[in-house]
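J.: One structure, pasted below without further comment.
The values are calculated or read from the model by the stated rules, or taken from the named source; none is laboratory data. Treat the numbers as computed from the prediction; the structure is a model and nothing was measured. All Cβ positions, glycine included, derive from the backbone under ideal geometry; neighbour counts span all protein chains shown. The accessibility values were calculated without ligands, DNA or RNA, using every heavy atom of the protein model including side chains. Shrake-Rupley method; radii C 1.70, N 1.55, O 1.52, S 1.80 Å.
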Amino acid sequence: MTISVIGTGYLGAVHAACMAHLGHRVIAVDSDEAKIEALAAGKPAIFEPGLDELLAEVLPTGRLTFTTDYAQVAEAQVHFVCVGTPQLAGENAADTTYVFSAGRSLAPYLDEGSLVVGKSTVPVGTAAALKRTLQDGAPAGVEVRLAWNPEFLREGFAIEDTVTPDRFVYGVEGSHADDDVALLDQVYERPLSTGTPRLVMDYPTAELVKVAANAFLATKISFINAMSEVCEAAGGDVVRLAEAIGHDDRIGSRFLGAGVGFGGGCLPKDIRAFMARAGELGADQALTFLREVDSINLRRRARMIDLAREECGGTLAGRAVAVLGAAFKPNSDDIRDSPALDVAEMARAAGAEVRVHDPKALPVARKHRADLTYADTVEEAVAGAHVVLHLTEWQDYRDLDPARLTPLVRKPVVIDGRNKLDPARWRAAGWTYRALGRPHA
Ligand SMILES: NC(=O)c1ccc[n+]([C@@H]2O[C@H](COP(=O)([O-])OP(=O)(O)OC[C@H]3O[C@@H](n4cnc5c(N)ncnc54)[C@H](O)[C@@H]3O)[C@@H](O)[C@H]2O)c1
Ligand SMILES: O=c1ccn([C@@H]2O[C@H](COP(=O)(O)OP(=O)(O)O[C@H]3O[C@H](CO)[C@@H](O)[C@H](O)[C@H]3O)[C@@H](O)[C@H]2O)c(=O)[nH]1
């Protein structure tokens, strides 16, 4: 089948490459010329494990092409909308303007057989509004068909999650609903053949499934971080607590990683947009708990600074602080709402000289956060440091030999903001090891 993918960021670039890998002919469109040129050359501007290799596999087949010219999507039957829905500046709500501008650009190229499929994460009600926009711009006589098929991929595992997702969700409505389901089934024939669950529902439910899933994940992380605060007050150990409650199948051990909390281009902005939309719908009371989820999350970042200050004799002014991590999570170079960079910024604002290292995110951080100072190696970052903050749990940092770093720092103090370093190992090498939610030995 010939499909188009509109928007080639963290979601769209992977979706386009994976659809070509599944055997489809894919026309990928983005308004950002530099992004399109880089992808067409097989050199994506983002780091996502396996993406370079996947592009190297599919580009030579000719099944995947990149363009900024919407006219080229005319030959596609299914059009996936994957454009961004960032948080509006100064507000909680999502900015959906990219979704509607993509819709207006796409509409003239639709015909009777085509299906538009929304994948972006949107406030409930957007699908119905987008359908009206598409209908307004479609050629005369064409009845627009739209399905909502939210995406659940995790960065760092984006290819695996696209090709073998936990489930498919199809939101369909209107007289063509059955045909739309059948068409999506054809697109996803291979993953469906392995028994992947596929759930069919109306537009609002499909839109809500996505934000509900992210709200649940964010709540689970903030729950364990709330326990972390109580452990700090009571002298408990949140890592042992999480391990113990996680053995209960009803709770489960995943997403109980206590630390500096969630960031990225999804969970923070999605819970805020969900609250804003619920408010517009008169259901704001239902989601007031998400305000707490957000606050608990942000408090953990401030707590890192408190611990750093404690270890630096009560002030960060003039202290050298090494920050290990810039990406919001390991195996990604995404720095959107990164807890690591937020903490780095707070330390700098408190007067510290901060040097940030990351195995993969330095190019993007240097470009978008030029206000911070970066180090190309861990050694350079920690040289002369009064305190080392571990903020993104890259395997490289877990594998560090602390004894090798000891002679480089001014004071061997590490604060583990992810609870992923081995305390015994660091302490054995003469380091003071502190962590969020764990007793200070
Ligand atoms: N990143 C993820 O892991 C992930 C996972 C699931 C869902 N989502 C959702 O998917 C959407 C995209 O997220 P992302 O992380 O890929 O964002 P992104 O910012 O990386 O990419 C968005 C892309 O859309 C392009 N774009 C904007 N307007 C356009 C237009 N009118 N025509 C063509 N291209 C246009 C931008 O140039 C950009 O390349 C968001 O709604 C997000 O919440 C993201
Ligand atoms: O136990 C945990 C697990 C995660 N995190 C943090 O939470 C954030 C988000 O992590 P993760 O959910 O793995 O990354 P994303 O790639 O942002 O994926 C989320 O957001 C996507 C965009 O909506 C969804 O598609 C995914 O299903 C959803 O997991 C990161 O900062 C992690 O460090 C924790 O602090 N503790």
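J.: Evaluate the charge dipole of the range 172-224 about its Cα centre and quote only its size in Debye, nearest 20, assuming +1 on the Cβ of each Lys and Arg and -1 on the Cβ of each Asp and Glu.
T.: Using Cβ point charges on Lys, Arg, Asp and Glu, the range 172-224 gives about 480 debye.
J.: Oh, and also: What accessible area per residue, rounded to a whole number of Å², is obtained for the chain using a probe radius of 1.4 Å?
T.: 41
J.: Give the percent of DSSP beta bridges with both residues in the chain that are antiparallel, rounded to the nearest 5.
T.: Around 5 percent antiparallel, to the nearest 5.
J.: Suppose every K and R has +1 on its Cβ and every D and E has -1 on its Cβ; what is the size of the dipole of the chain about the Cα centre, in Debye to the nearest 20?
T.: 1440
J.: Also, quick follow-up: Would you mind finding the longest exposed-site-free stretch of the chain, with exposed trypsin sites (Lys or Arg not before Pro) meaning DSSP loop and at most 12 other Cβ atoms within 10 Å?
T.: Excluding the exposed sites themselves, the longest stretch runs over 255-441.
J.: If you don't mind, another one. Using 1/(1 + (r/R0)^6) with R0 = 22 angstrom and r between the beta carbons of Thr373 and Lys43, what's the FRET efficiency to the nearest 0.05?
T.: Here the calculated transfer efficiency is 0.25.
J.: Take the cross-link list Lys367/Lys420; Lys119/Lys329; Lys43/Lys131; Lys43/Lys269 and give me the ones stretching past 31 Å between alpha-carbons.
T.: Over 31 Å Cα-Cα: Lys43/Lys131.
J.: In nm, to one decimal, how far is the modelled label at Asp178 from the one at Arg254, with both set 7 Å along Cα→Cβ?
T.: Taking the two extended label points, one gets 3.5 nm.
J.: Another question about this same structure. Can you tell me the length gained on complete extension of the stretch Ala140 to Asp202, counting 0.36 nm per residue apart and subtracting the Cα distance?
T.: 19.7 nm
J.: A further question follows. What FRET efficiency would be calculated for the residue pair Phe100, Ala71, taking the C-beta separation as r and a Förster radius of 22 Å, to the nearest 0.05?
T.: E(calc), rounded to 0.05, equals 0.70.
J.: Now, a different point. Of all DSSP beta bridges in the range 2-201, what percent run antiparallel (nearest 5)?
T.: Once the DSSP bridges in the range 2-201 are tallied, antiparallel ones form about 10 percent.
J.: Specify the inter-centroid distance of the range 257-303 and the range 33-62, based on alpha-carbon positions, in whole Å.
T.: Taking the Cα centre of each part, the range 257-303 and the range 33-62 sit 34 Å apart.
J.: Taking the alpha-carbon centroid of each part, what is the distance from the range 68-121 to the range 384-441 in angstrom?
T.: The distance from the Cα centre of the range 68-121 to that of the range 384-441 comes to 45 Å.
J.: Another question about this same structure. Mean residue ellipticity at 222 nm from the helices of the chain, using -39,500 (n - 2.57) per DSSP H segment of n ≥ 4 over the full residue count, to the nearest 500 deg cm²/dmol?
T.: Value at 222 nm, helices only: -12500 deg cm²/dmol.
J.: Just add up the charged neighbours of Pro123: K/R +1, D/E -1, any other residue whose Cβ is under 14 Å from the Cβ of Pro123.
T.: Taking every other residue near Pro123 into account, the sum is -2.
J.: Please check which bits of the range 139-153 a label hung off Arg167 would reach, taking the label as a point 7 Å along Cα-to-C-beta and the cut-off as backbone N under 16 Å.
T.: 148-153
J.: Cross-link partners among aspartates and glutamates for Lys411, C-alpha distance below 20 Å, same-chain residues fewer than 8 apart left out?
T.: Asp306, Glu310, Glu311, Glu353, Glu379, Glu380, Asp401, Asp422
J.: Give me the percent of accessible area attributable to carbon and sulfur for the chain, probe 1.4 angstrom.
T.: 53
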